[in-house]
Amino acid sequence: MKSCVITSPFHYEIREIPIPEPKDNEVLIQMKSAGVCGSDLHIYRGENPCSTYPLVPGHENAGIVAKTGKNVTNVKVGDHVVVDLIITCGECYQCTHGREEVCEHVLVRGSGTDGGWREYFTAPEDDVYKIEDSIPWKDAALIEPIAIGAHCTKRGRIQPDDTVFILGTGTIGTIILQACKVIGAKVVCCDIDDESLKRAKSFGADETINSKTENIAERISQITGGHGCTAAFDSACFPGSLTLLLQPGIVCNAGRVIPMGFSDKPESFSQADINKRELDIIGSRMSAYQFQPVAKNMAEGKYQLEGLATTFVKFSEIEKVFKNMENPDPAVKKTVILFD
Ligand SMILES: [Zn+2]
Ligand SMILES: [Zn+2]
């Protein structure tokens, strides 16, 4: 089998290795599709402090069960499955309080340990979820990123009567938009790119704001009758973007603000900015317990998937993925690797 390995920052190779044997509680997965994420670029560039090399990237993994260990009962050979990206201890405070995404000992497949950009790999059965055969492989790779949208909207307590502001309409912004629409909330999308806003409209945005040409607070005031949005997601994640969302006129009193990024630059707001309106700033990282509900929604056709992935690359031509990391084409928003 072939395995794609980042040997050190900016270097990768395709290695020919034996197909692994599953242990008693493990499942051997033959990969069918894998998403390429912005975080893979950071790993390739050596910008992810949690990554060690050599590393097989890939945390958005879908495939077929090829073999099972003798104690496996969850899935059987031939099942279509997705593989959770997080490996947790199951015992710490977080794991025992429904917050395994921030397990004290969390390890992420494709970042802190080997992921799915290889033809076969093994995983414990608890991390492997059966999905409907009717979900095309090109879509199954999107279950992980869509689970992020399901997770952060749960963290943000999004309800049907919310008016949600989403800053940034890239892949994650578009996914949060869809998660909000599945719940039934009204969504206002903001970006600096008209093409991207047009795309957000086609994915169900009720209102769009181009912050390059329009005043955000004025438009929000018009849209919400002067009240402000009830929740705001930062999927733009540039230095200062969280400060922007805490400015008066974006969210209302008791509003929730959910930053999605990992910018390590200080922001500038005061305790008064938070407490005058009793705002909640709610962290959200990866996802937990969402793969199965998302796969179910996907099988029921609840997401608009056409156009979410913009580019498809065969695993045998994976050099195209790295070429695009080195020289990004703006038309490539989300790539899915399809295994031959
Ligand atoms: Zn990702
Ligand atoms: Zn734990």
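The values are calculated or read from the model by the stated rules, or taken from the named source; none is laboratory data. None of the values given here were measured: they were computed from a predicted structure. FYI the Cβ positions are ideal-geometry reconstructions off the backbone, even for glycines, and counts take in every protein chain you see. SASA here: full protein model, heavy atoms, side chains in, ligands and nucleic acids out. Shrake-Rupley method; radii C 1.70, N 1.55, O 1.52, S 1.80 Å.
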For Ile258: the one exception among (1) hydrophobic (A, V, I, L, M, F, W, C); (2) open to solvent by less than 10 Å² (accessible area, probe 1.4 Å); (3) closer than 24 Å to Tyr44 by Cβ: (3)
Subset of the range 6-40 [touching a Pro at 6+ places or on another chain (Cβ under 8 Å) and touching a residue at least 60 places away in the same chain (Cβ under 8 Å)]: Asn25, Glu26, Val27, Leu28, Gly35, Cys37, Asp40
Any hit, the range 227-234, residues being surrounded by fewer than 16 Cβ atoms within 10 Å (Cβ to Cβ) and more than 22 Å from Tyr44 (Cβ to Cβ): yes
Matching option when the condition is touching a Pro at 6+ places or on another chain (Cβ under 9 Å) and over 24 Å from Glu101 (Cα atoms), among Ala150, Ala185, Ala205, Ala200: Ala185
Residue count for the range 118-144, restricted to those that are open to solvent by less than 40 Å² (accessible area, probe 1.4 Å) and within 16 Å of ligand 2 (Cβ to nearest atom): 1
Selection count where residues are touching a Phe, Trp or Tyr at 6+ places or on another chain (Cβ under 9 Å) and in contact (Cβ under 8 Å) with a residue 60 or more places away in the chain, scope the range 306-315: 3
Of all residues making up the range 290-316, the number that are within 22 Å of Pro57 (Cα to Cα) and open to solvent by 60 Å² or more (accessible area, probe 1.4 Å): 3
Tally of residues being touching a helix residue (DSSP H, G or I) at 6+ places or on another chain (Cβ under 7 Å) and either at pLDDT 95 or above or outside any loop (DSSP other than H, G, I, E, B) (or both) across the range 306-317: 3
Cross-chain or 6+ apart pairs with Cβ under 7 Å, the range 135-153 first and more than 16 Å from ligand 1 (Cβ to nearest atom), then at pLDDT 95 or above and among the β-branched types (Val, Ile, Thr): Lys138/Val336; Thr153/Ile176; Thr153/Ile183
When residues of the range 76-113 are limited to those that are aliphatic (A, V, I, L, M) and open to solvent by 10 Å² or more (accessible area, probe 1.4 Å), the one nearest to ligand 1 (Cβ to nearest atom): Val108
Residue in the range 110-117 that is within 16 Å of ligand 2 (Cβ to nearest atom), closer than 30 Å to Met325 by Cα and small (Gly, Ala, Ser) present: yes
